[in-house]
1. Cβ-Cβ under 9 Å, sequence separation 6+ or interchain: first residue in the stretch 324-348 and farther than 13 Å from HIS106 by Cβ and open to solvent by less than 20 Å² (accessible area, probe 1.4 Å), partner among the polar types (S, T, N, Q) and outside any helix (DSSP H, G or I). Which pairs?
2. State yes or no: is ARG58 at pLDDT 65 or above, of a type in the set (Lys, Arg), buried (at least 19 other Cβ atoms within 10 Å of the Cβ) and under 20 Å from ALA272 (Cβ atoms)?
3. Among the candidates ARG410, ARG390, which residue alone is open to solvent by less than 60 Å² (accessible area, probe 1.4 Å), among the basic types (Lys, Arg) and more than 17 Å from GLN442 (Cα to Cα)?
4. From (1) open to solvent by less than 40 Å² (accessible area, probe 1.4 Å); (2) of a type in the set (D, E, K, R); (3) part of a helix (DSSP H, G or I), pick out the condition that doesn't hold for LYS143.
5. Which residue out of ASP172, ASP112 is open to solvent by less than 50 Å² (accessible area, probe 1.4 Å) and of a type outside the set (A, V, I, L, M)?
6. Could you say which residue among LEU279, LEU293, LEU283 is touching a residue at least 60 places away in the same chain (Cβ under 8 Å), under 29 Å from THR52 (Cα atoms) and among the aliphatic types (A, V, I, L, M)?
7. Go through the stretch 303-323 and report how many residues are surrounded by fewer than 24 Cβ atoms within 10 Å (Cβ to Cβ) and aliphatic (A, V, I, L, M).
8. Filter the stretch 104-138 for residues that are within 25 Å of GLU332 (Cβ to Cβ), assigned to a helix (DSSP H, G or I) and among the basic types (Lys, Arg) and give the result.
Amino acid sequence: MENKDKNRKELSRRNFFKTLGAGSVVTATAFVGCKPNNTVSAEGGSIGEVPTDKMAYRVNPHTGDRVSLLGYGCMRWPLRQKTDGSGEEEVDQDTVNDLVDYAIAHGVNYFDTAPVYVRGWSETATGIALKRHPRDKFFIATKMSNHRADASRSLEAGIAMYRKSMHDLQVDYLDYYLLHGVGLGGMDDLKKRFFDNGLLDFLLEERKAGRIRNLGWSYHGEVEVFDYLLAMGIQWDFVQIQLNYIDWQHASGWNTNAEYLLGELEKKNVPAVIMEPLLGGRLSRLSTPAANLLKELRPQDSAASWAFRYAGTPESVLTVLSGMVYMEHLQENIRTYSPLEPISETEYTALEKVTNIMMNDDYIECTECQYCMPCPYGVNIPGVFGHYNRIISAGQRLLSAKDKNYREARRAFLIGYDRSIPKLRQSNHCIGCDICKPHCPQAIDIPNEMRRIDLYTEQLKQKINF
């Protein structure tokens, strides 16, 4: 058994590094420049100069687009309270404008949005920010988001969504357009969404007319759907997949190992757009043993920069998306790709060890994508999972009331829970209706995990021995 595992790891390593291809030597050399003089931040990441002219780029073989390796994911634009006293929220457009301006000034030119992002506000906010720049300075990617259970599958509804995207983004053509979340409902749903109603034929005609410059799809779900779309004879210009060093061989839920997905795309010469390089933030919050392994090799680098370097290393990757809400995250990611230093074999081995550590913890595989929201009973599902996962990452998950750090860890969990999640939105208000489950791309059994967290919380409140 040990020899089989070793052979499997060796094959996986070879598959990862073969994706660099013959052109990787030239590309990597072209990306190397003088590194800025950096110091170390309190969190362990590098700080200092943010280069404006060293961004790594990849070329789309189908259209010749020169795309920044760092792509801006517009799923989580910052919000603010309205000034009318209503208590309602809106997109913080001023901050969005600042982030977009900074990104473009530092070489980022790919912006990924969708009609359903940020409660339906993302396309409008993204369009406002980008409209202030010359059209040839950026590529816009958006999606046909008819994958939700309440979405119409009709041709008319699909065309209306497509045209509204262009209106809200204030453009007369789309650079990258995706069939959103294919695979989530299996083959039957794929056919209802795009084949039976003629919607895919319409989008192919729009590509011919030049109003869609690149047509592709984003994948979560049944691998049968992925294989079917690749085999149907259409020349796809790109495909968006989930890839990170956990999902390379250990994808969970409805996802498929990235090793397989990327390999199949390469056979068809289809460039990959990468989502979830941090696995919903998990790979930026490593446990102490995992973090120490990486610090031994690159003391100045943050855990996040390791994950982004990993996701950007394969030559067939066109761009790596990051939903950057804070300026410091944007700056760090720009540094990571200005220029890219591909993952070495020694570093790959270290990440294999980190993966083994993380596969054996109690972490819930939530990427905080918000697809499960809103909960009809008011539970803040991503917030609850996020708090629990932060405790796991900090190594403060208690196993017994006899644990040495019981008092401090108990206090950290309970006080932190109440501060981050209002009591009426905590796990104990989940009634197990299961409405959320079909929407989770990670296939998390959300009600079961809510019960588990609620039990753990009650044990801490009552000081019950585990």
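1. LEU340/THR313; ILE343/THR313; TYR348/THR313
2. Judged against the criteria, ARG58 is a match.
3. Result of the check over ARG410, ARG390: ARG410.
4. With respect to (1) open to solvent by less than 40 Å² (accessible area, probe 1.4 Å); (2) of a type in the set (D, E, K, R); (3) part of a helix (DSSP H, G or I), LYS143 is out only on (3).
5. Sole residue among the options that is open to solvent by less than 50 Å² (accessible area, probe 1.4 Å) and of a type outside the set (A, V, I, L, M): ASP112.
6. LEU279 is the lone residue from the list that is touching a residue at least 60 places away in the same chain (Cβ under 8 Å), under 29 Å from THR52 (Cα atoms) and among the aliphatic types (A, V, I, L, M).
7. Here the count works out to 4.
8. LYS137
The values are calculated or read from the model by the stated rules, or taken from the named source; none is laboratory data. These numbers were taken from a predicted model, which means no experiment stands behind them. Positions of Cβ are backbone-derived with ideal geometry, glycine not excepted, and every protein chain shown enters the neighbour counts. Side chains are part of the model used for accessible areas, which takes the heavy atoms of the whole protein and leaves out ligands, DNA and RNA. Shrake-Rupley method; radii C 1.70, N 1.55, O 1.52, S 1.80 Å.
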